Amino acid sequence: MSQKCLQKKITVDSRVSAVWEKWTTHEGLKTFLGLDNKVELKPGGAYEIYFLLDNPPGLRGGEGNQVLSFLPEEMLSFTWNAPPTIPEIRNHEHRTWVVVTFKEVSPEQTEVTLRHVGWLEGEKWNETYQYFESAWDYVMNALAETCKTPAE
């Protein structure tokens, strides 16, 4: 297994508890990641995020992923698969995993760090890594947008 670690870090304008809910609840995830999802916050529970609702089952996005572990309002880890456009990795028996940590910067700001690890070696694995290099930027920016305080 490669020592590669995709890491993204961002500070958002929201309390830790609110950011935690965004990552760990059905309604929260829908605010910034995917069109629908299935989340069961327990080890081995589903952590599936659907991006392509018109596709047949199995090709809708982050299907078959599971919660690995969590510490409330501190850390969440889950398995992750490749997009349907890279079937060699999507259908591989090995899954990568994502670890998201939450740290209070101030009462109204939270630092969110996402680490995507568990990469194998090979051309298609490198292609998948490059895909997520930009995809996770999009996710983190979408999270920040949904945490902005509305103008009063």
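The values are calculated or read from the model by the stated rules, or taken from the named source; none is laboratory data. Predicted, not measured: the structure shown is a model, and the values here were computed from it. Here Cβ is always computed from backbone atoms with ideal geometry, including for glycine, and neighbour counts include all displayed protein chains. Side chains are part of the model used for accessible areas, which takes the heavy atoms of the whole protein and leaves out ligands, DNA and RNA. Shrake-Rupley method; radii C 1.70, N 1.55, O 1.52, S 1.80 Å.
A few remarks follow.
- Residue match in the range 95-104 (condition: free of Cβ contacts under 8 Å to residues at least 12 places away in the same chain and open to solvent by 60 Å² or more (accessible area, probe 1.4 Å)): no
- Residues (more than 22 Å from residue 119 (Cα to Cα) and assigned to a loop (DSSP other than H, G, I, E, B)) located in the range 2-37: 13, 14, 15, 25, 31, 32, 33, 34, 35
- Number of positions in the range 45-86 that are open to solvent by 40 Å² or more (accessible area, probe 1.4 Å), among the polar types (S, T, N, Q) and under 14 Å from residue 135 (Cα atoms): 1
- Residue match in the range 18-28 (condition: open to solvent by less than 70 Å² (accessible area, probe 1.4 Å), more than 20 Å from residue 145 (Cα to Cα) and either out of contact with any Lys or Arg (no Cβ under 6 Å at 6 or more places or on another chain) or among the charged types (D, E, K, R) (or both)): no
- When the range 68-82 is filtered for residues that are in contact (Cβ under 8 Å) with a residue 12 or more places away in the chain, on the phi < 0 side of the Ramachandran plot and over 13 Å from the mean Cα position of the chain (by Cα), the ones remaining, listed by number, are 69, 70, 72, 74.
- Residue within the range 122-137 that is within 20 Å of residue 8 (Cα to Cα), hydrophobic (A, V, I, L, M, F, W, C) and touching a strand residue (DSSP E or B) at 6+ places or on another chain (Cβ under 7 Å) present: yes
- Positions within the range 125-146 being open to solvent by less than 70 Å² (accessible area, probe 1.4 Å) and not aliphatic (A, V, I, L, M), in sequence order: 125, 126, 128, 129, 132, 133, 136, 137, 146
- Number of the exception - residue 11 against (1) open to solvent by 50 Å² or more (accessible area, probe 1.4 Å); (2) β-branched (Val, Ile, Thr); (3) without any contact (Cβ under 8 Å) to a residue 60 or more places away in the chain: (3)
- Residue list for the range 29-44, filter: open to solvent by 80 Å² or more (accessible area, probe 1.4 Å) and either of a type in the set (Phe, Trp, Tyr) or at pLDDT 95 or above (or both): 30, 38, 42, 43
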